[in-house]
Amino acid sequence: MFLEKELFQQVVAATPLVSVDLIVRNSSGLVLLGKRLNRPAQGYWFVPGGRICKGEALADAFKRLTLAELGQELDYTQARLIGAFDHFYDDSVFGSTPSTHYVALGHEVLLEQVADLPLEQHNAYQWMSVEELLSRPDVHRHTKLYFLSGPDGLQ
């Protein structure tokens, strides 16, 4: 269930949001990133994903988000959970305030091809090597954390 704008703004200001982030790799190890159109992380390359709605099971959210973000519905059994990550932003979808806090559940999926990618959240897509995305200043730091070793990320 999506909330009315005013209520959602209050929720963003008061609580963390739970999201599913999709770390999409192909058999060559390249990672699919989209150039974000909306706040937060506007203008950065970022992994596809989105928030889980109240009353929505994780498996159902995964199906909805893969269809919305990748143009194809994937089953939750096709993913590997890599962990939960805090994403803190100084802004939100509403502008410079309120700030946003996501608890992002990173899920890795293997896809060879993606076609007809939606252009609602991202205006461009690109496959990048892990080395490239880690070195680029226009890839958001929260995306980079999925590829770093240690407690804040995996390689």
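The sum of -39500 (n - 2.57) across all DSSP H runs of n ≥ 4, divided by the residue count of the chain, sets its helix-only mean residue ellipticity at 222 nm to -6000 deg cm²/dmol. Using alpha carbons only, the radius of gyration of the stretch 67-155 set against its Kirkwood radius gives Rg/Rh = 0.96. The label-point distance for THR97 and LYS54, in a model that sets each label 7 Å from Cα toward Cβ, rounds to 2.4 nm.
A Förster radius of 30 Å combined with the Cβ-Cβ distance from GLN42 to LEU110 puts the calculated FRET efficiency at roughly 0.60.
Our summary gives the stretch 60-112 a relative contact order of 31 percent, counting only alpha carbon pairs under 8 angstrom and 6 or more residues apart.
At a probe radius of 1.4 angstrom, the accessible area of the chain per residue rounds to 53 square angstrom. Helix 58-70 and the longest principal axis of the C-alpha atoms of the chain enclose an angle of approximately 70°. Projected label points at GLN72 and ASN123, each 7 Å from Cα along the beta carbon direction, are separated by 2.7 nanometres. Inverting the pair-averaged 1/r between distinct Cα atoms of the stretch 1-129 gives 15.1 Å as its Kirkwood hydrodynamic radius. The string of couplings for the stretch 50-56 from the Karplus curve (6.51, -1.76, 1.60, θ = phi - 60°) is x, 7, 8, 8, 4, x, 9 Hz, one whole number per residue in order, with x for Gly and Pro. The string of couplings for the stretch 23-36 from the Karplus curve (6.51, -1.76, 1.60, θ = phi - 60°) is 8, 9, 10, 9, 5, 8, x, 6, 10, 7, 10, x, 8, 5 Hz, one whole number per residue in order, with x for Gly and Pro. Considering only PRO137, VAL109, LEU7, whose Cα is most displaced toward the positive end of the charge dipole of the chain, charges sitting on Cβ of Lys, Arg (+1) and Asp, Glu (-1)? The residue sitting most towards the positive pole is PRO137. The magnitude of the dipole of the chain, with charges of +1 and -1 set on the Cβ of Lys/Arg and Asp/Glu and taken from the Cα centre, is near 140 debye.
Taking the C-alpha atoms only, the angle from helix 5-14 to the longest principal axis of the chain is near 80 degrees. Normalising the average separation of contacting C-alpha pairs (under 8 angstrom, six or more residues apart) by the number of residues puts the relative contact order of the chain at 31 percent. Close amide H pairs (under 5 Å, H built 1.01 Å from N) link SER129 with VAL31, residues at least 5 positions away or on another chain.
Under a 5 Å amide H cut-off, with hydrogens placed 1.01 Å from N, SER19 pairs with ILE52, VAL103, ALA104, LEU105 among residues at least 5 apart or on other chains.
VAL139's amide H: which non-local residues (gap 5+, or another chain) put their own amide H closer than 5 Å, with H modeled 1.01 Å from N in plane and none for Pro or chain starts? Long-range HN contacts for VAL139: TRP45.
Farthest toward the positive end of the dipole of the stretch 1-108, out of PHE85, GLY43, ALA59, is the Cα of GLY43, where the dipole comes from beta carbon charges about the Cα centre. Placing pseudo-labels 7 Å out from each Cα toward the beta carbon at ALA84 and MET1 gives an inter-label distance of 2.3 nm.
The values are calculated or read from the model by the stated rules, or taken from the named source; none is laboratory data. Quick caveat, the model's predicted, so the values are computed rather than measured. Note: ideal-geometry Cβ built from the backbone for every residue, glycine included; neighbour counts use all protein chains shown. The protein model used for the area step is the full one, side chains on, heavy atoms only, and it has no ligands, DNA or RNA in it. Shrake-Rupley method; radii C 1.70, N 1.55, O 1.52, S 1.80 Å.
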